[in-house]
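The values are calculated or read from the model by the stated rules, or taken from the named source; none is laboratory data. Since we're looking at a predicted model, the values are computed, not measured. A quick note on method: Cβ atoms are made from the backbone with ideal geometry, for glycine too, and the neighbour counts reach across all protein chains shown.
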Amino acid sequence: MSGGSYYVPDQSRFPIFMAFSLFLLVMGASSTINNLDDPNSNSAYILYLGFASLFLTLFFWFRQVIKEHLAGLDSNQLKQSYVYGMAWFIFSEVMFFAAFFGALFYVRTLAVPWLAGEGSKGAAITAIELWPAFESTWPVITTPDNGVEYELAEKSMAWPGWDHALKWLPMWNTIVLLSSSVTVHFAHLGLKSGNRKKFNVLLGVTVFLALIFVGLQAAEYYEAYAHYGLTLNSGIYGSTFFMLTGFHGFHVMMGGIMLAIMLARSVFAGHFEDHDHFGFEAASWYWHFVDVVWVMLFLFVYIL
Amino acid sequence: MLTFVAPMAKADWFALNMTRGITDISNEVFELHMLIFWICVAIGVAVFSVMFYSIYAHTKKKNPVPAKFHENHKLEIAWTIIPFLILIAMAVPASKTLVKIYDDTAGDINIQVTGYQWKWQYQYLEDDISFFANLSTDLDEIYNLVPKGENYLQEVDEMVVIPAGKKIRFLITANDVIHSWWLPAFAIKQDAIPGFVNTAWTIVEEPGIYRGRCTELCGKNHGFMPIVVKVVEQDEYDEWVLNKRNEAIKLAELTTKDWTAQELVSRGQEIYDVNCVACHQVSGQGITGIFPALAGSDIVMNDKERNIEILMEGVQGAAMNSFSYLSEVELASVITYTRQSWGNAEKGDGEIVIPKDIVDYKEPKI
Amino acid sequence: MSAVIENHHEDHDHGPAKGITRWLYTTNHKDIGTLYLWFSFAMFLIGGAMAMIIRAELFQPGMQIVEPEFYNQMITLHGLIMIFGGVMPAFVGLANWLVPMMIGAPDMALPRMNNLSFWILPFAFLILLSSLFMEGGAPNFGWTFYAPLSTTYAPPSVTFFIFSVHIMGASSIMGAINVVVTIMNMRAPGVGLMKMPLFVWSWLITAYLLIAVMPVLAGAVTMMLMDIHFGTSFFNAAGGGDPVLFQHIFWFFGHPEVYIMILPAFGIVSHIIETFSRKQLFGYSSMVWAMLSIAILSFVVWAHHMFTVGLPLAAEIFFMWATMLIAVPTGVKVFNWVATMFRGSLTFETPMLFAIAFVVLFTIGGLSGLMLAIVPADFQYHDTYFVVAHFHYVLVPGAIFSIMAAVYYWIPKWSGNMYDERLGKLHFWLSFVGVNVTFFPQHFIGLAGMPRRYPDYSLQFADWNMVSSVGAFLFGFSQLLFLFIVLKTVMGGKKATSQVWDGARGLEWTVASPAPYHTFSTPPKVD
Ligand code: HEA
Ligand code: HEA
Ligand code: CUA
Ligand SMILES: [Cu+2]
C-alpha cells in the first residue's frame, strides 16, 4: 500500500486462488466432456470442485472489495478505473458475440448458397458433384448430406406470421427483456433520488423478469427438441440458433445473478448510496448490454 | 550412416529461386515475383544505405553534437506518398494476372481431384477414369535403411496423365480434412476443402513429368502425399485412356472369379500397404490412442459383417473413412489379409471374405 | 476464512513481503512484471527446445529422431508456446514494469486483477504441456488449428487445448483491460496523450487490439468444442457449415495478433534508438498515427492468409490491396528511425545493437510479407518455407530481439546493476549470426518448393536445410548465454546510476536504480 491517493491493495491471496479455481474448472470441464460416454468417470467432481472454489473465491474477493469501499479507501480515481474496466469488459463481450454473429452471417449469405451452387468459386460444381439434392433456404431444413431433416419451415423459430404471433415465444421474450431494461433503469433513477424502496422493488421486478425470460427460453428449447426436431444436430440452422441463443441465455443468467446479488446487498446490507453505487451500475450496464444483444438476436436469428 | 549421405550430391546449392514454370501463367507469376523482389531489394538498399551511412558517419566520436531536427513535413509527406505509388505499381500487374488465373470456364478435360488422408484421387469426368495416387517411396528409404532414390518423396504409384496443348480444369476437393494441391510448374495451388469444390486450370505445351506436393497440414502423413503429373502428346494420351478402360473391364471380370484364401491374402497385402499402413501400421498394431490395432481386434477376428461394414461405410467422426471406392476384389482381399495375418486367423474364426460378399453387401442398398 | 481478509492499516510504505508469498500474492506491478518476464523466458526455452527438435529432425532428409505424428505435435506446441507463452507475456511483463513508471502512476489500475492475469498463465500452459502425455498425444494440427483436422480428426487432448486457450484468452483480456485503464486513468498530471512515451502508446493500441480479438478466438474455439462434442456443424459442409468459416474467424483474430506481437516492439525500439542517438525521436506524432493506422488496417486484411482457399475474386483483390497498404505506415516508422539516427551522435551499446538489427531484419521480414501479399505470387509462396522465413524474420529478430533489447536497456533500472557489456555484445553477435544463418536460407528452401509442416523432404532441399539447422543450434545455444548474463546482472555487478544512459529521457530514469518497490505514490510533476 502506498501513501498516495490511489489505493493500491496489499498482497492478496484471491488472485492465485482464483487462478487455481479456473485451473480446476477447466481441467474438470475438459475431462468431463471427454468422458461423457463413460458412466464410471469421476471427472465431474473436479468440475464441481472448480465451480465451488471459484464461487467461494469470488465471494470473499468481492466482500473484501466492498469492505475496502465502505472503509472509504477508494478514491474517485479508483472508481473511475472500475468504470473504464467494466466498459472495456463489455466491449470484449461484444466481440465474443461478434464471432457468433459473424458465423451466422457467413453461413447464411455465403456458405449455404455456395453449397447449393450459387456464386463463384466452383460453387456450381460443388452442388453438382457433391450435394446434388441440396437447396439453399434459410432456415436450412434438409442438410446437404440429407442427414437431418426437421419438420417444416413454419415450425422453425422464424416469424410465424400475424396469425400466430401471440403464441410466438420469442416475441414474449423480447417484451420481457425490454421491459426489464426499463425497470432496471427506473430502479437506477430511484436509487439516484434516494428512494430505496423504489429501487428495491423495481430491481426485484427486474430479477423476476430475468427469471421469466430464462423460463421462456427453456420452454422454447423444450419445444424445439420435443416437437420441432430442431436440435444441435440439425445442421447449421440448429448450430447457429442454439449457439447464439444459448450463449445469450447464459449471459442473461450471469446478468440476472449479478442483479440478484445487488438486490440482496441493498435489501439485506443496505449497500449503495444515491451518489455512489458503481457495483449496481456495472450490473445494470451489463444488463442493458445483454438486452441489446437480444434485440440483435431477435432481428437476425428470428425475424430476418 | 555415411553411405546414405551419398544421394545428397543430388541436393542443390543453387536452388535459390522460384522455378519459372512451364505455362503462360506460371511464367507471368514468375515475372511478377521477380518484379516485386527487385522492388523490395531496391527499397532495402535505399533504406539501409542511409542507415549504414549514419552508423558510419554519425557516431559519437565523429559527430559529438547531435543535430536538433525532429520533423520535416515535406520529407514526411514524400515518404508517405512515394511508397504508396510503388505499391500501386506492384498491385496493378498482380491484379491483372489474378483475373486471368480466376478463369472458371470448363476445360477440354475436367479432372476431379480429391484429397484423402494421405493420397490423391483423380477422376476424369468425361472418360470415366478414376484412380488413386499414393506415395511410392519405400519406407526403408524414409527410415534411412537403404539409400534414397532420385525422386525421394516425390514419386507416386500412378501419375496423372494429361495431353499437351489442351485446357485442363481441375476440380479440387477433399474427402476428410483440408489438403492443398500444389503444382509449382503450373503455378497452381488450390486448397482442397471437404464439401466444397475449388477450380484451377492449366494449358501445358511441353510434355514432361512435373512434380508437386500437398501443402496444407492434413495430419501425420502430410509430407508424404506428393503429386506427379505427366504431360504427353495427344495420341499417347488417347492410348492411355484406352488402356485405363480395358483395365477397368478386366477388374470387373475378376469379381466373378473363384478366389483362394492365399490369392486374396497376397493381393490384400499390397492393398494394405498402400491404404492402411499409414494408420494401422505394418504389423497391424495401430497407434495407441488414435488408431486401433487390427491385430487382435475383435471385429477383425470374429465379426465379418461389421468388418465389411466398417470398410464400406467408415466410422462416423473418426479418421477411419469409407473405402467403398476400392473395387470389390481389392476390398475382399484387404479384409481377408487383415483377418488372416498377425495371428488373427488362429485366434479368431479365420473366415475369409470374397468379392462376392462385397457385391452382396452392396446389393440391398441400391 | 476471515483470515483471508488482510488488514491493510498496519504498515505504511513497506518493501516487498518476505518469502515465496511475495510472488504468489503480490499486487505490485514490478513483481508481477518480473514474474511475467521469467515465465516468458521459461516458455521461450521450452518452445525453443521444441524448435531444436524440429531443426534436428530436418537436419537431413529421411526420418531421424521423431515420428511424423510427434513432429506435428512439436510444431503445434512450438508455435503456440512461442506466441502465447513467449512473446505475449514478455510484452505484458514489460508493460507492467514500465507503463506505470513512464506515466507516473503508483501501480497498475487494478493490481489484484493484474496478479490474476499472470497466475492463470502457468496453469494454462501446464494444461497445454500436459497434453503431451495424454492418450493420442498433444494437439497436432498446427498453431492455426484448422478445422476439420482440429475437430473431427483431432486427438482427445483437443478438449484440454480448447479450454486452455479459453483461460489464456481471459488472462490476456484482463491484462489488456488493466493496461488500458492504467493509461487512460492514471497518468500523472501533465502527461497528456500526445506526451506519452511511445512504448505507452504502443501498448495502449496493443491492448485495444487484444480486447477486440481475444474474444473472437474464444468464440472460434467454442464453436470447435461444439462441433467436436455436441453435434453442431459450424465447420462441416455436410451439415451446411464451412471449414473455411473457421479460417475466417481464426484469422480475424490471427492477423491483429501478429501486430500485437510487433507494436510494443516498435515502442521499445523507438526509445532505444532515441537514447543512443542522443537526439530527439524524429516524427513522434507520425509514429503514433502510424501505429493507429496499422492497428485499424489490421482488422481488414485477415484473408491474406487464405488466398488459396478459393475466395471470390473480388475478395482476393480487396485483401491484397488492403494488406499492401500496411506497408505505408510501417514504412513511416522505419524512415523515422533512420531519420532519428541521421546526424545523431551514436554509440553502440548492446540494446542499440539489438535495436539496429531489429530495424534491418524486421524490414527484411516486412518486405517478404509484402511479397506474400501479392496474390498470384502468394499462390507459389503460400505454405512453403518462404512464409516460415517471413514470419521468423518479423518474430525472432523482430519481436524477440526487441524484448532482448528492452531487457538490456532497462535491466539496470530493474536490478540496480549494469550488465556485462562484453558478454552482451557477444550475445548479440552470436544471435545475429545465428538468426540469419537459420532463417535466411529458408527463403531459398521455400522458393525452391519445400512446403512447411513437413517432417521429411526430398533431396533438392537438403543443403540449405542443413545450414538452417546449424544456424538454429547456434542461435539456440547462444540464448543460454543470455540466461547467464541476466542471472549475473541480477546477482551483482557495477552499480547503475538513476539516469543509466546519458541520452535517456522519461520518468523512469528519474527514480533510483533499482527502482524502489513503490514509485510515484504521489504523482510527479510533469510539464
Ligand atoms: C510480428 C509478426 C508479423 C508481422 C509484423 C507481419 C507483417 C506483415 N505480414 Fe506477416 N505473418 C506473420 C507474422 C507477422 N507478419 C505470421 C506469424 C505469419 C504466418 C502465420 C501462419 O500461417 O502460421 C504471417 C503470414 C503472412 C502472410 C500469409 C502468407 C501465406 O500463408 O501465404 C502474409 C500475406 O500477405 C503476410 C503479410 C504481411 C505483411 C504485408 C506485413 C506488413 O505489416 C509488413 C510491413 C513492413 C514493411 C513493408 C517493411 C518496412 C517498410 C518500408 C521500408 C517502407 C517501404 C516499403 C514499400 C513501399 C514496399 N504475412
Ligand atoms: C515468437 C514466435 C517464434 C519464435 C521465437 C520461434 C523461434 C524459432 N523457430 Fe519457430 N515457429 C513459430 C514461431 C516462433 N518460432 C510459429 C508460429 C511457427 C508455425 C507453427 C505451425 O506451423 O503451426 C513456427 C514454426 C517453425 C518451423 C517450421 C516447422 C514446420 O513448418 O515444419 C521451424 C523450422 O525450422 C521453426 C524454427 C524455429 C527456430 C530454430 C527458432 C529459434 O529462434 C529458437 C531458438 C531456440 C531457443 C531459444 C532454445 C534455447 C534453449 C536451449 C537450446 C536449451 C535447451 C533446452 C532447455 C534448457 C529446456 N519454427
Ligand atoms: Cu494432404 Cu497435406
Ligand atoms: Cu497476417
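Hey, C:Met324 hits all of (1) surrounded by fewer than 20 Cβ atoms within 10 Å (Cβ to Cβ); (2) facing chain B (nearest Cβ under 10 Å); (3) aliphatic (A, V, I, L, M) but one; which does it fall short on?
With (1) surrounded by fewer than 20 Cβ atoms within 10 Å (Cβ to Cβ); (2) facing chain B (nearest Cβ under 10 Å); (3) aliphatic (A, V, I, L, M) applied to C:Met324, the lone miss is (1).
Given the residues B:Ser324, B:Ser266, B:Ser283, B:Ser341, which is the only one that is closer than 27 Å to B:Phe224 by Cβ and modelled with pLDDT under 85? Spell out how you get there, then give the answer.
On the way: B:Ser266 fails: modelled with pLDDT under 85; B:Ser283 fails: modelled with pLDDT under 85; B:Ser341 fails: modelled with pLDDT under 85.
None of the other options fit; the residue is B:Ser324.
Could you tell me which of the residues B:Val41, B:Val29, B:Val47 is closer than 21 Å to C:Phe348 by Cβ and either touching a residue at least 60 places away in the same chain (Cβ under 8 Å) or not assigned by TED's automatic domain parsing to the domain that holds B:Glu205 (or both)? Write out each step before concluding.
Values: B:Val41 fails: closer than 21 Å to C:Phe348 by Cβ; B:Val29 fails: closer than 21 Å to C:Phe348 by Cβ.
The conditions single out B:Val47.
What residue, of C:Leu346, C:Leu325, C:Leu353, is within 16 Å of ligand 4 (Cβ to nearest atom), in contact (Cβ under 8 Å) with a residue 24 or more places away in the chain and not basic (Lys, Arg)?
Just one listed residue meets the conditions, C:Leu325.
Within the bounds of segment C:304-312, is there any residue that is more than 7 Å from every other protein chain (Cβ to nearest Cβ), farther than 16 Å from B:Ile36 by Cβ, over 21 Å from the mean Cα position of the chain (by Cα) and within 16 Å of ligand 2 (Cβ to nearest atom)?
Yes, the conditions are met somewhere in segment C:304-312.
Taking A:Met95 and the conditions (1) in contact with a Pro (Cβ under 6 Å, 6 or more places away or on another chain); (2) not assigned by TED's automatic domain parsing to the domain that holds A:His271, which numbered condition does it fall short on, given that it satisfies the others?
(2)
When C:Ser233 is evaluated against the numbered criteria (1) in contact with a Leu (Cβ under 6 Å, 6 or more places away or on another chain); (2) buried (at least 24 other Cβ atoms within 10 Å of the Cβ); (3) free of Cβ contacts under 8 Å to residues at least 24 places away in the same chain, which criterion, by number, is the only one it fails?
Here C:Ser233 meets the rest and fails (1).
With respect to the numbered conditions (1) in contact with a strand residue (DSSP E or B) (Cβ under 9 Å, 6 or more places away or on another chain); (2) within 16 Å of ligand 2 (Cβ to nearest atom), which one is the sole condition not fulfilled by C:Ile260?
(1)
Hey, C:Ala265 hits all of (1) within 23 Å of C:Ala176 (Cβ to Cβ); (2) within 13 Å of chain B (Cβ to nearest Cβ); (3) buried (at least 24 other Cβ atoms within 10 Å of the Cβ); (4) small (Gly, Ala, Ser) but one; which does it fall short on?
Going through the list (1) within 23 Å of C:Ala176 (Cβ to Cβ); (2) within 13 Å of chain B (Cβ to nearest Cβ); (3) buried (at least 24 other Cβ atoms within 10 Å of the Cβ); (4) small (Gly, Ala, Ser), C:Ala265 breaks only (2).
Residues that are near ligand 1 (Cβ under 8 Å from one of its atoms), buried (at least 24 other Cβ atoms within 10 Å of the Cβ), modelled with pLDDT of 95 or more and not assigned by TED's automatic domain parsing to the domain that holds C:Phe145: does segment C:347-361 have at least one?
So the first thing to find is which residues in segment C:347-361 are near ligand 1 (Cβ under 8 Å from one of its atoms), and the list is none.
Checking segment C:347-361: not a single residue is near ligand 1 (Cβ under 8 Å from one of its atoms), buried (at least 24 other Cβ atoms within 10 Å of the Cβ), modelled with pLDDT of 95 or more and not assigned by TED's automatic domain parsing to the domain that holds C:Phe145.
Here are some residues: C:Arg187, C:Arg278. Which one is touching a residue at least 60 places away in the same chain (Cβ under 8 Å) and more than 14 Å from chain B (Cβ to nearest Cβ)? Can you show your working first?
Values: C:Arg278 fails: more than 14 Å from chain B (Cβ to nearest Cβ).
The unique qualifying residue is C:Arg187.
Enumerate the pairs (first residue in segment C:503-527 and farther than 17 Å from C:Gly192 by Cα and in a helix (DSSP H, G or I); second residue anywhere and modelled with pLDDT under 90 and not hydroxyl-bearing (Ser, Thr, Tyr)) with beta-carbon separation below 8 Å, excluding pairs fewer than 6 apart on the same chain, so at least 6 apart or on different chains.
Close Cβ pairs (under 8 Å, with a partner that is modelled with pLDDT under 90 and not hydroxyl-bearing (Ser, Thr, Tyr)) amount to C:Thr510/C:Pro524.
For A:Leu104, only one of the following conditions fails: (1) surrounded by 18 or more Cβ atoms within 10 Å (Cβ to Cβ); (2) at pLDDT below 95; (3) in a helix (DSSP H, G or I). What is its number?
(2)
List, please: which pairs have Cβ atoms under 7 Å, are six or more places apart or on different chains, and start with a residue in segment B:148-174 that is closer than 19 Å to B:Ser130 by Cα and at the interface with chain C (Cβ under 10 Å from one of its Cβ atoms) and end with one that is aliphatic (A, V, I, L, M) and outside any strand (DSSP E or B)?
Close Cβ pairs satisfying both conditions: B:Ile172/B:Val197; B:Thr173/A:Leu130; B:Thr173/B:Ile193; B:Thr173/B:Val197; B:Ala174/B:Ile193.
Could you grab me the full set of residues in segment B:199-221 that are more than 11 Å from every other protein chain (Cβ to nearest Cβ) and either in a loop (DSSP other than H, G, I, E, B) or closer than 30 Å to A:Gly235 by Cα (or both)?
Within segment B:199-221, B:Val204, B:Glu205, B:Glu206, B:Pro207 meet the criteria.
Starting from residues that are assigned to a loop (DSSP other than H, G, I, E, B) and within 24 Å of C:Leu430 (Cβ to Cβ), keep the ones in segment C:336-373 and report whichever is farthest from the other protein chains (Cβ to nearest Cβ). Write out each step before concluding.
Of segment C:336-373, the ones assigned to a loop (DSSP other than H, G, I, E, B) are C:342-345, C:347-349.
Cutting the leftovers down to within 24 Å of C:Leu430 (Cβ to Cβ) gives us C:347-349.
Values: C:Thr347: 5, C:Phe348: 8, C:Glu349: 11 Å.
Once the filter is applied, the top-ranked residue is C:Glu349.
Could you check B:Glu71 against (1) facing chain C (nearest Cβ under 7 Å); (2) assigned to a helix (DSSP H, G or I); (3) modelled with pLDDT under 90 and say which number it fails?
Looking at each condition in turn, B:Glu71 falls short on (2).
So C:Ala212 ticks every box in (1) more than 10 Å from chain B (Cβ to nearest Cβ); (2) more than 23 Å from A:His248 (Cα to Cα) but one. Which box is left unticked?
Evaluating C:Ala212 over (1) more than 10 Å from chain B (Cβ to nearest Cβ); (2) more than 23 Å from A:His248 (Cα to Cα) leaves (2) as the failure.
Out of the residues in segment B:184-198 that are surrounded by 24 or more Cβ atoms within 10 Å (Cβ to Cβ) and more than 8 Å from chain C (Cβ to nearest Cβ), which is nearest to ligand 1 (Cβ to nearest atom)?
Restricting to residues being surrounded by 24 or more Cβ atoms within 10 Å (Cβ to Cβ) and more than 8 Å from chain C (Cβ to nearest Cβ), the top hit is B:Ala192.
Of all residues in segment B:280-311, count the ones that are away from chain C (no Cβ under 14 Å) and among the polar types (S, T, N, Q).
Count: 4.
Return only the number of the condition from (1) more than 10 Å from every other protein chain (Cβ to nearest Cβ); (2) without any contact (Cβ under 8 Å) to a residue 12 or more places away in the chain that B:Lys96 does not satisfy.
(1)
Does A:Ala127 satisfy the condition of being buried (at least 16 other Cβ atoms within 10 Å of the Cβ), within 14 Å of chain C (Cβ to nearest Cβ), at pLDDT below 85 and within 30 Å of C:Val309 (Cα to Cα)? Reasoning before the result, please.
Working: buried (at least 16 other Cβ atoms within 10 Å of the Cβ): yes; within 14 Å of chain C (Cβ to nearest Cβ): yes; at pLDDT below 85: yes; within 30 Å of C:Val309 (Cα to Cα): yes.
Spelling it out, A:Ala127 is indeed buried (at least 16 other Cβ atoms within 10 Å of the Cβ), within 14 Å of chain C (Cβ to nearest Cβ), at pLDDT below 85 and within 30 Å of C:Val309 (Cα to Cα).
Inspect all residues belonging to segment C:57-70 and state whether any of them is near ligand 2 (Cβ under 7 Å from one of its atoms), within 17 Å of the chain's Cα centre (by Cα) and surrounded by 18 or more Cβ atoms within 10 Å (Cβ to Cβ). Please lay out each step first, then the result.
Let us first name the residues in segment C:57-70 that are near ligand 2 (Cβ under 7 Å from one of its atoms), namely C:58.
Then keep just the ones that are within 17 Å of the chain's Cα centre (by Cα); that gives none.
Scanning segment C:57-70 turns up no residue that is near ligand 2 (Cβ under 7 Å from one of its atoms), within 17 Å of the chain's Cα centre (by Cα) and surrounded by 18 or more Cβ atoms within 10 Å (Cβ to Cβ).
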